[in-house]
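Colleague: Pasting a structure here, questions to come.
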Amino acid sequence: MCISLCPTGILELSNELNMRIAYIPRVKEGKANYCTACRRCEFGCPDWCIYILDKEEKKSEKAKT
Ligand code: SF4
């Protein structure tokens, strides 16, 4: 669903499965800078499979791992 909601067309299905045995979305290689952070993908996902982090949040997520 999120793939069809993205106005920039940068999402695609990966070959990774989540706990519900569903393929999870990913950003197409080299296209991350085209994300406008509109969050349509996040709000439109019925299973909360995708969420948007800003650059500062992404840094702190990496620091935790
Ligand atoms: S937040 Fe980014 S990936 Fe999600 S729908 Fe908007 S442009 Fe697409």
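Each value in this text was obtained by applying a stated rule to the coordinates, not by laboratory testing. Just so we're clear, the structure is a prediction, and the values are computed from it rather than from any experiment. Neighbour counts are summed over all protein chains in view; Cβ atoms, including those assigned to glycine, are modelled from backbone coordinates with ideal geometry.
Colleague: May I ask you to compute the full-extension gain from Phe43 to Asn18, defined as 0.36 nm times their residue separation minus their alpha-carbon distance, rounded to one decimal in nm?
Modeller: Numbers: separation 25, 0.36 × 25 = 9.00 nm, distance 1.85 nm.
Roughly 7.1 nm would be gained on extension.
Colleague: Short version: ³J(HN,Hα) in whole Hz for each residue of the stretch 21-38, in order, from phi by Karplus 6.51 cos²θ - 1.76 cosθ + 1.60 (θ = phi - 60°), x for Gly and Pro, what are they?
Modeller: 6, 10, 5, 9, x, 8, 7, 4, 4, x, 10, 4, 5, 7, 5, 9, 6, 6
Colleague: Return Met1, Met19 ranked ascending by Cβ neighbour count within 10 Å, so the fewest neighbours appear first. It would help to have the intermediate numbers written out before the result.
Modeller: Working: Met1 12, Met19 6.
Fewest-to-most Cβ neighbours within 10 Å comes out as Met19, Met1.
Colleague: A further question follows. Scale the Cα Rg of the stretch 2-64 by the rule-of-thumb value 2.2 N^0.38 Å and send over the ratio, two decimals.
Modeller: 1.13
Colleague: Only Cα pairs under 8 Å and at least 6 apart count here; give the relative contact order of the chain as a rounded whole percent.
Modeller: This gives 29 percent for the chain.
Colleague: Still on this structure, please answer the following. Once phi is turned into θ = phi - 60°, what whole-Hz ³J(HN,Hα) does the Karplus curve with 6.51, -1.76 and 1.60 give for every residue of the stretch 46-57, x standing for Gly and Pro?
Modeller: x, 10, 6, 7, 9, 8, 9, 10, 7, 4, 5, 5
Colleague: Further question: Provide the net charge surrounding Cys2, with neighbours chosen by a C-beta distance below 12 Å and charges set as Lys +1, Arg +1, Asp -1, Glu -1.
Modeller: Local net charge: 0.
Colleague: Taking the Cα centre of the stretch 2-64 as origin, sum charge times position over the Cβ atoms of Lys and Arg (+1) and Asp and Glu (-1), and report the length of that vector in debye to the nearest 20. Intermediate values should be presented prior to the final figure.
Modeller: Working: 11 positive and 9 negative charges, 25 e Å.
Dipole about the Cα centre, nearest 20: 120 debye.
Colleague: Tell me which residues come under 5 Å, amide H to amide H, from Leu11 once H is placed; ignore anything under 5 positions away on its chain.
Modeller: Amide H neighbours of Leu11, under 5 Å, 5+ apart: Lys28.
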